[in-house]
There are 2 protein chains.
Amino acid sequence: MTTVKLYDTTLRDGMQGQGMSLSAAEKVRVVKALDRLGVHYVEAGFPASNPKEAELFELLSTVDLETAEVCAFGMTRRRGIAASEDDALRTLINSFAPVVTLVGKTWGLHLEKVTKVSREENLDMIVDSVNFCRSEGKRVIYDAEHFFDAWRDDSAYALACLNAAIAAGAENVTLCDTNGASLPHEIASATATVVDELAKAHPDAAVGIHTHNDAECGVANSLAAVDAGATLVQGTVNGHGERCGNANLISILGNLELKMGLDVVGPERMRLLTETSHFVDELLNVNPDPDQAYVGRNAFAHKGGMHVAGIQADARTFEHLDPGLVGNGRDVLISELSGKGSVLSEAEAAGIDLDADAAKRALEHVKEREHRGYQYEAADASFELLLRREAGQYSPLFRLESFRVITEKRADGHIETEATIKIWVDGHRYVRTAEGNGPVNALDKALRLAITDLHPHLSDIELTDYKVRILDSHDGTGAITRVLLDSSDGHDSWGTIGVSENIIEASWEALVESLEYAFQPAAVRSD
Amino acid sequence: MTTVKLYDTTLRDGMQGQGMSLSAAEKVRVVKALDRLGVHYVEAGFPASNPKEAELFELLSTVDLETAEVCAFGMTRRRGIAASEDDALRTLINSFAPVVTLVGKTWGLHLEKVTKVSREENLDMIVDSVNFCRSEGKRVIYDAEHFFDAWRDDSAYALACLNAAIAAGAENVTLCDTNGASLPHEIASATATVVDELAKAHPDAAVGIHTHNDAECGVANSLAAVDAGATLVQGTVNGHGERCGNANLISILGNLELKMGLDVVGPERMRLLTETSHFVDELLNVNPDPDQAYVGRNAFAHKGGMHVAGIQADARTFEHLDPGLVGNGRDVLISELSGKGSVLSEAEAAGIDLDADAAKRALEHVKEREHRGYQYEAADASFELLLRREAGQYSPLFRLESFRVITEKRADGHIETEATIKIWVDGHRYVRTAEGNGPVNALDKALRLAITDLHPHLSDIELTDYKVRILDSHDGTGAITRVLLDSSDGHDSWGTIGVSENIIEASWEALVESLEYAFQPAAVRSD
């Protein structure tokens, strides 16, 4: 049976998308999530292109992964020097990653106009670089940049580049549609020819595919290549990437496994598809696309009486497959919770004593709040507080009497914001006022002025990120604002959430939960 | 040369998407935009499924269209009655639309589980319904619902349904992948066989394709069908539609015309692709997808020095095609303005006297503001005010001294919002305070209290829609809030815009422009 390997490049090519940003710690969380999903290769970037990447490889070197191998990404050697003298290649072979992915040229136009390297030297650069990495104990994947443009231009030279890489020891050559110019029939025909030609001299050579979505055919292009004999597919979670994005690995996995009958990660891991997709978007602060294939909130939504009646008679009438196979539901909001197992095990992990009744109440509570727009996947601290409340193990930090936020536009056009809060802490009443560069900043300052009198350690907490989304209005309820707040005490970090029609109220909720979480007994913190 | 016709179903199938809503007047604007783009058929829905649809057909019957024919959509007759007794079919033949699109069953599972109609009666329903519409002078397109599921189940019966429709006079049978279950290779093989089989008895029969995006292959599925001989493609603007959406007609047109070399609408109309896509999203209050193929803001964006240098040397190095071909730009914000022609003609249409220098300043001003997040496509009134200011034909309604908005959370958990404004109108100072169910409502009420003393006619103006979007932060500028306000005086309606980091300031700007627009001399209003 054909096996196809998945190669994720969210952390490298995906980060080229507009507005994409992840810390090294967040990238480690992505790698772990991809590993759980059963992805075979995770490309983590160049090990030292900046301090954040260096930190990432340091962190990753200590992580135990079950299915995924980490790939370090770099270019073939610079022209005119030996591979062993190339600092970038030395960085690659010094990294812990077992696999090195080398990108190189195959297209004459690029050699001529961009790199100004002769065709002969380009072949030498490929051979030398692969040889060097192999001699230093690395496995090598060769990414043939602009391959399909090169193929249209001069297929013999494009093929020569691939043969050179394989002869030098690359275990896989991946055909890249770098500019996204190609349609499925072109990908299919070129890939089939390449697979046949390479097999003549190198029966073990594996071919990969790397496509972009510039013609809205990224997924279909990847499938066309697999049909034509490719056995490795590169893509990104949810198709993030520059321009129109990379091929969406989530949709590709759904299609390979559930429609083409290939055993890629197996049915158990397939149930993590929706959760993994949403988790990555949460970290990126991107609204998950509600219409996304397989994993979107609307992907299995049904409207109208005939559909519902049909589904009840036989789900096949109106559903292309069972949404449970990918961890999605039929028009039901998703929580990571239901995917990860029972509330009880979550509580146990957080050191909270929760009986079965309290667990049931907590689950109902979560579902009800998710319907109102809450989302606990990136708000671990708010989730833990919810469990503690149900378990009766929750100590309030203070009692709010009232707050007031004033936004004022003065005659000179200047805008000012000021907040006053009145709260009770341990029987004492505090009234504090602070200015801020925005309403949340002003509320935060005023609250700290009051609380750190009695709880000085809370002054160490920093708000590290503040994300706001306007959620679509559903069922005529009007727009809802969701605020996600990340906090840190310099050692641990945690996320909280607030939801309201009023952005100030939503922000206040997330702010209070952040401090309340830090105030609970340290022993129970899960992180 | 093969010709392919485009069939837009944004106004019917597209409106099944979550949160989609357009008034009859807005739908007419969509039809006109599709006509300009060169779309051949526009499906407007069922002529009387509700008063809004009835109004739409009444409005459309008076519109002159250049390329588009309007299609009325309905189902085959109910079972057990004659077609001429079916009220819905009578409504279709009584509409002005020259083309009737009839959807009917082809899949045994649906006949058995959903409609409980025998296979024989289903064939009769198809024949009778097509015959009746033809006898009443309509042209007929037959939509074969769930065709590809039916094909997998019983291809002979599926084909019999198509043959019945064509024998009864349908000029086109469209194969629908209603549940979105199919991949391109399945679509290609089934379509090729259908085209061959139908041609045996009906050499003039045309085959269409209607796909959905549940496998993220909607566009590729449509192209696969065209490759296999389909000559009509159904889809929606930007792929809107239920679940994961319909096939995206914008991407399909880009691929057919610019990559497959078919002459569908011609190069001149292709330059309207980006503008048309954005215009429909603006009407739907959907954020245009910045990563959308061909038309997205990022679709031709370039990063990094090597890309920019490569583009300068030869654009083909890093671009799959010239963005100008689809009216898009290289990392440049788009205004409808630049697509529609010169600022001068816009000013003339609005009755504003603008010299060449002022027009140049206005254009610079628009570009600068678009970079900051303004978008004038749905804010006609703000655009006209901008032109009037450059022309020196602008009368301010009032002068703001200051405003203040207070949001207060009381001890009982209740939230209150109150606004106070201080303004000067015709030399008089007004200080007014109002409560509201939100900050904008409170500001609006306070402003009216002050202004309608001297300008009572402004009290007739209603705010009919209020849309807020948080725009992605670019270039590290932080998130920007964009407010779009629709207003009406019961006769005309107009749109205004405000942009700021502060939602209250952005809302205020849009609110003030709405009233200022109504205050300008009525003679110059363009609407």
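The values are calculated or read from the model by the stated rules, or taken from the named source; none is laboratory data. Small disclaimer: the values here were computed from a predicted structure and weren't measured. Here Cβ is always computed from backbone atoms with ideal geometry, including for glycine, and neighbour counts include all displayed protein chains. The accessibility values were calculated without ligands, DNA or RNA, using every heavy atom of the protein model including side chains. Shrake-Rupley method; radii C 1.70, N 1.55, O 1.52, S 1.80 Å.
Charging the Cβ of each Asp and Glu at -1 and of each Lys and Arg at +1, and nothing else, the dipole of the protein assembly as shown about its Cα centre rounds to 240 debye. Computed over protein heavy atoms with a 1.4 angstrom probe, the accessible surface ordering of B:374, A:466, B:394, largest first, is A:466, B:394, B:374. Extension gain for residue A:361-residue A:454 works out to 30.1 nm (0.36 nm per residue, less the C-alpha to C-alpha distance).
Of the whole protein surface, residue A:75 contributes about 120 Å² of accessible area at a 1.4 Å probe radius. Give me the Debye-computed log₁₀ of I(q)/I(0) at q = 0.19, 0.20 Å⁻¹ for the range B:354-507, equal point scatterers on Cα only, no solvent, two decimals. Treating every Cα as an identical point scatterer, log10 I(q)/I(0) equals -1.38, -1.43. Phi angles across the range A:433-442 convert, under the Karplus curve 6.51 cos²θ - 1.76 cosθ + 1.60 with θ = phi - 60°, into 3J(HN,Hα) values of 10, 9, 8, x, 7, x, x, 5, 4, 5 Hz, Gly and Pro given as x. Measuring from each Cβ of chain B to the axis that turns chain B onto chain A, the shortest distance belongs to B:220, 2 (residue, then whole Å). Each label point was placed 7 Å from the Cα along the Cα-to-Cβ direction; for residue B:23 and residue B:136 their separation is 3.1 nm.
Leaving ligands, DNA and RNA out of it, work out the accessible area of residue A:39 with a 1.4 Å probe and give it in Å² to the nearest 10. The value for residue A:39 is about 0 Å². Rounded to two decimals, the Cα radius of gyration of the range B:382-431 over 2.2 N^0.38 Å is 1.77. In this structure, residue A:96 and residue A:268 have a Cβ-Cβ separation that, at R0 = 41 Å, corresponds to a calculated FRET efficiency of about 0.90. Considering only the Cα atoms of the range A:127-233, their convex hull presents on average a projected area of 6.0 nm². Think of it as helices only: each DSSP H run of n ≥ 4 in chain B is worth -39500 (n - 2.57), and spread over all residues that comes to -12000 deg cm²/dmol at 222 nm. Ligands, DNA and RNA aside, residue A:212 has an accessible area near 10 Å² when probed at 1.4 Å. In a reduced charge model with +1 at each Lys and Arg Cβ and -1 at each Asp and Glu Cβ, chain A shows a dipole moment near 320 debye about its Cα centre.
With the charge dipole of the protein assembly as shown set up from +1 on Lys and Arg Cβ and -1 on Asp and Glu Cβ about the Cα centre, the Cα lying farthest toward the positive end among the listed residues A:277, B:211, A:180 is that of A:277.
A full extension of the chain between residue A:416 and residue A:349 corresponds to an added length of 19.7 nm, given 0.36 nm per residue minus the alpha carbon distance.
Summarising the strand pairing of chain B, around 50 percent of its internal DSSP beta bridges are antiparallel. Here is the interface size for A with B: some 6200 Å² of accessible area buried, both sides summed, with a 1.4 Å probe. Normalising the Debye intensity of the range A:227-327 to I(0), with uniform scatterers on Cα atoms only, and taking log10 at q = 0.11, 0.23 Å⁻¹ returns -0.39, -1.26. Across the options B:117, B:61, B:3, the greatest Cα extent toward the positive end of the charge dipole of the protein assembly as shown (unit charges at beta carbon of Lys, Arg, Asp, Glu) belongs to B:61. Taking only the Cα atoms of the protein assembly as shown, the radius of gyration and Dmax are 30.6, 91 Å.
Taken as Cα centroids, the range A:341-404 and the range B:9-73 sit 48 Å apart, rounded to the nearest whole angstrom. Given +1 at the Cβ of Lys and Arg, -1 at the Cβ of Asp and Glu and no other charges, the dipole of the range B:1-155 around its Cα centre is 100 debye to the nearest 20. Only Cα pairs under 8 Å and 6+ residues apart enter the sum, and on that basis the relative contact order of chain A stands at 9 percent. One equal scatterer on each Cα of the range A:5-265, no solvent, Debye formula: the resulting log10 I(q)/I(0) at q = 0.10, 0.11, 0.12 Å⁻¹ is -0.45, -0.55, -0.66.
Relative to the longest principal axis of the Cα atoms of chain A, helix A:24-37 runs at roughly 70 degrees.
Rg ratio for the range A:193-238: its Cα radius of gyration over 2.2 N^0.38 Å, N being its residue count, equals 1.26. When A:36, A:119 are compared by accessible surface with a 1.4 Å probe, the order from highest to lowest is A:36, A:119.
Kirkwood analysis of the range A:66-192, using all unique Cα-Cα pairs, places the hydrodynamic radius at 14.8 Å.
Return a whole-number percent for the relative contact order of the range A:5-265, with Cα pairs under 8 Å and 6 or more residues apart as the contact set. Averaging sequence separation for qualifying contacts and normalising by length gives 19 percent for the range A:5-265. Computed from Cα atoms, the angle from the helix A:356-371 axis to the main principal axis of chain A rounds to 70 degrees. Of the residues B:462, B:55, the one with the largest accessible area comes first in the ranking B:462, B:55, computed with a 1.4 Å probe on protein heavy atoms.
Mean partner shielding of peptide A:236-246, defined as the number of other chain Cβ atoms within 10 Å of each residue Cβ, is 4.
Within the accessible area of chain A, the carbon and sulfur atoms contribute 48%, probe 1.4 Å, all protein chains present.
Calculate how many DSSP beta bridges within the protein assembly as shown are antiparallel, expressed in % of all such bridges and rounded to the nearest 5. Antiparallel bridges make up about 55 percent of those DSSP assigns within the protein assembly as shown.
Against the main long axis of the alpha-carbon atoms of chain B, helix B:249-258 sits at an angle near 70°.
Computed from the Kirkwood radius of its Cα pairs, the Stokes-Einstein diffusion coefficient for chain A at 25 °C and 0.890 mPa s stands at 96 µm²/s. At an R0 of 35 angstrom, the distance between the Cβ atoms of residue B:63 and residue B:167 translates into a FRET efficiency of 0.55. The 3J(HN,Hα) values that the Karplus relation (6.51, -1.76, 1.60; θ = phi - 60°) gives for the range B:231-243 are, in residue order, 10, 9, 10, 9, x, 10, 4, 6, x, 5, x, 5, 6 Hz. Gly and Pro appear as x.
The phi torsions of the range B:155-171, fed into the Karplus equation with coefficients 6.51, -1.76 and 1.60 and a -60° offset, translate into couplings of 5, 5, 5, 4, 5, 4, 4, 5, 4, 4, 5, 6, 4, 7, x, 5, 7 Hz, rounded to whole numbers, with Gly and Pro shown as x. The residue among A:191, B:350, A:101 whose Cα reaches farthest toward the positive pole of the charge dipole of the protein assembly as shown, with charges on the beta-carbon of Lys, Arg, Asp and Glu, is B:350.
On alpha carbon coordinates alone, what is the Rg over Rh value for the range A:1-101, Rh being the Kirkwood radius? Using Cα coordinates only, the ratio equals 0.99.
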